[in-house]
Amino acid sequence: MSDDLPKNDPLYVPLTEDERLTIRGELRDRKWQLDERRIADGKEGSKLFAQHHHAVRLHAIGVSAEFGKIFVRFALLLNGGAMIALLTLIGALHGRADQTKLAAVGPFTDKLQFGMQFFIAGLVLAALTAGLAFFAWRFVAATYFHEGHTSNSVSASNLFGGLDREEELKQFDKYDRYTDIAMWFSAILGTASLVCFTMGTLKVAKAFAFFSALR
C-alpha cells in the first residue's frame, strides 16, 4: 500500500516506521545490485574492447613486419641481381672481344662501372636496412612483458622486487622512442637503396646508349 492514497479511502492503511525502513532497505539493496551489475558490465565491455584492440594491433604489427620484409628483399634482390648481371656482361664482353673491338668495349665497361657503384651502394643500404629493422623489432619486443620483467607496472607494487613502477615505465618509453628512431632510419635507408638502384639503372642505360653510338 502507499501513503499517497487519500486518507478517506477505505483501502488506506498507514505504514509503520518499521515498514518504511524495510522498504527503504530493499530499495537501497536493489540500487546497489544495479550499480554492481552496471560496473561488472562496464568491466566486461572494457575487457572485450581491450582484447579486440590488442588483436587488431597485433595484426597491424604483423602486416607491417611482412611488408617490411618484402621491402628489404626487393631492395636486396634488385641491386644484387643488377650487380650479377653487370658482372656477367662485363666478363662476357672482355672474354669474347678481339683486339679490334677492345677499343669500344673498354670505354663501355668503364661507363658500366658507374652503374655498378650505385648498385653496390644500394646493396649496402639494403643490408643496413635489414640490420636496423632487426634492432627495431628487438626494441618492440622489449616493450612487452616477459620473464625478466616484474609485474610492477600492472600491480603498482614492488612485491616481486626489481624496478619500481615508474622506472619500469620509463624503460618502456625509452624503448618506444628507440623503436620509432630505428623504424624511421630503416625506411630512409630502404628508400635510398631503391634510389641507388634507379640511378644505377639510368647509368647503365646511358652506357648502352654510348655503346650503340660507337657501333
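The values are calculated or read from the model by the stated rules, or taken from the named source; none is laboratory data. Quick caveat: nothing in here was measured; it's all calculated off a predicted structure. For neighbour counting, all protein chains shown are included, and Cβ atoms are generated from backbone atoms with ideal geometry for every residue, glycine included. When the accessible area is computed, the model is the full protein with side chains, heavy atoms only, and any ligands, DNA or RNA have been set aside. Shrake-Rupley method; radii C 1.70, N 1.55, O 1.52, S 1.80 Å.
Label sites at D35 and H54, each approximated as a point 7 angstrom past Cα along Cα to Cβ, lie 3.0 nm apart. Here the label points at S46 and A209, each 7 Å from Cα along the C-beta direction, are separated by 6.6 nm in the simple model.
Assuming a ≥ b ≥ c are the square roots of the Cα gyration tensor eigenvalues, decide whether the stretch 32-81 counts as rounded (a/c under 1.5), prolate (otherwise, with a/b larger than b/c) or oblate.
Details: a/c = 13.20, a/b = 11.91, b/c = 1.11.
It comes out prolate by the Cα gyration axes.
Roughly to the nearest percent, how much of the accessible area of the stretch 12-90 is carbon and sulfur, given a 1.4 Å probe?
Values: 4170 of 6350 Å².
With neighbouring chains kept in place, the figure for the stretch 12-90 is 66 percent.
For the stretch 116-145, the residues whose amide N sits under 16 Å from a probe point set 7 Å from the Cα of Q171 along the beta carbon direction are 138-145.
Remark: the stretch 40-86 carries 72 Å² of accessible area per residue (probe radius 1.4 Å; ligands, DNA and RNA excluded).
Our estimate of slack between S64 and L128, defined as 0.36 nm per intervening residue step minus the Cα-Cα distance, is 21.2 nm.
What order, most packed first, do the peptides 174-185, 110-121 have when packing is the mean number of other Cβ atoms within 10 Å of each residue?
Values: 174-185: 15.2, 110-121: 18.1.
Taking the mean over residues of other Cβ atoms within 10 Å, the ranking is 110-121, 174-185.
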